[in-house]
1. Could you grab me the full set of residues in segment 1-31 that are at pLDDT below 70 and over 20 Å from LYS43 (Cβ atoms)?
2. Find the residue count for segment 15-54, including only residues that are assigned to a strand (DSSP E or B) and within 16 Å of ASP86 (Cβ to Cβ).
3. In the same structural domain as LYS147 (by TED's automatic domain parsing), among the aromatic types (Phe, Trp, Tyr), closer than 22 Å to LEU141 by Cβ and touching a Leu at 6+ places or on another chain (Cβ under 8 Å), is that true of TYR121?
4. Does at least one position in segment 135-153 carry a residue that is touching a strand residue (DSSP E or B) at 6+ places or on another chain (Cβ under 9 Å), outside the structural domain of VAL17 (by TED's automatic domain parsing) and among the aliphatic types (A, V, I, L, M)?
5. Do any helices (runs of 4 or more DSSP H) entirely within segment 72-133 hold 2 or more residues that are of a type in the set (A, V, I, L, M, F, W, C) and within 14 Å of the chain's Cα centre (by Cα), and if so, which?
6. Name every residue in segment 38-64 that is in contact with a strand residue (DSSP E or B) (Cβ under 7 Å, 6 or more places away or on another chain), without any contact (Cβ under 8 Å) to a residue 24 or more places away in the chain and closer than 20 Å to GLN129 by Cβ, in order of residue number.
7. SER98 versus (1) surrounded by fewer than 17 Cβ atoms within 10 Å (Cβ to Cβ); (2) touching a helix residue (DSSP H, G or I) at 6+ places or on another chain (Cβ under 8 Å); (3) touching a residue at least 40 places away in the same chain (Cβ under 8 Å): which is the lone unmet condition?
8. Looking at ARG10 and the list (1) loosely packed, with under 12 Cβ neighbours inside 10 Å; (2) in contact with a helix residue (DSSP H, G or I) (Cβ under 9 Å, 6 or more places away or on another chain); (3) not aromatic (Phe, Trp, Tyr), which single condition is not satisfied?
Amino acid sequence: MSKVIIGDSRVIESREVSDGVTIRRRREAPDGTRFTTYERIEKPNLAVVKKNGSRELYDREKLATAIKRSVGKFFTSEVEVEEMIDVVEVGLYDLGESEISSQQIGDKVLDELAGRNEVAYVRFASVYQEFTTLDDFVKILEERRNKKQAKRAA
């Protein structure tokens, strides 16, 4: 089997993948063999400023793990979690900052959960905001109820 050099290949077909940030290209090598490549737009690194002031690079897998750990069983599939993370990431990059706070990430996740699953929203909020009493739960539930009523009234 010979190695294919992408630079010498010819693009036969290009199409955007459903995630909106990946392009699928069908290519043909000079010897006639065909293959597919996937190209992703490379985004700049984001630095996350933690509560204690330390900084680390944004890690999609770390966010996915946190979401799955706190609310994973409330989603029907892994794809749904990935779609939610895609939306959160777009919101983070749309801020136009090279540094974001962990609070901004948590707030974006909560905003997205609010429209997807209320129980998952409360569970994530309880971990993210470090609930320690039942009053913390009551407060978040009242805030959520008030926001829903305000949306209905508008």
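The values are calculated or read from the model by the stated rules, or taken from the named source; none is laboratory data. Remember, predicted model here, so these are calculated numbers, not experimental data. Because the Cβ atoms are built from the backbone with ideal geometry, glycine has one as well, and the counts that use them run over all protein chains shown.
1. Hits for segment 1-31 are MET1, SER2, LYS3, VAL4, ILE5, ILE6, GLY7.
2. In the first step, residues of segment 15-54 are kept if they are assigned to a strand (DSSP E or B); the result is 15-16, 22-28, 34-40, 47-49.
Add one more test, that the residue is within 16 Å of ASP86 (Cβ to Cβ), and what stays is 16, 22-23, 38, 40.
Qualifying residue count, segment 15-54: 5.
3. Details: in the same structural domain as LYS147 (by TED's automatic domain parsing): yes; among the aromatic types (Phe, Trp, Tyr): yes; closer than 22 Å to LEU141 by Cβ: yes; touching a Leu at 6+ places or on another chain (Cβ under 8 Å): yes.
Criteria met by TYR121.
4. Keep residues of segment 135-153 that are touching a strand residue (DSSP E or B) at 6+ places or on another chain (Cβ under 9 Å), which gives none.
Checked segment 135-153: no residue is touching a strand residue (DSSP E or B) at 6+ places or on another chain (Cβ under 9 Å), outside the structural domain of VAL17 (by TED's automatic domain parsing) and among the aliphatic types (A, V, I, L, M).
5. Numbers: elements: 78-94, 102-116, 118-128.
Of the helices (runs of 4 or more DSSP H) lying wholly inside segment 72-133, those with at least 2 residues that are of a type in the set (A, V, I, L, M, F, W, C) and within 14 Å of the chain's Cα centre (by Cα) span 78-94, 102-116.
6. The answer is none; no residue qualifies.
7. (2) is the only condition that SER98 fails.
8. Single failed check for ARG10: (2).
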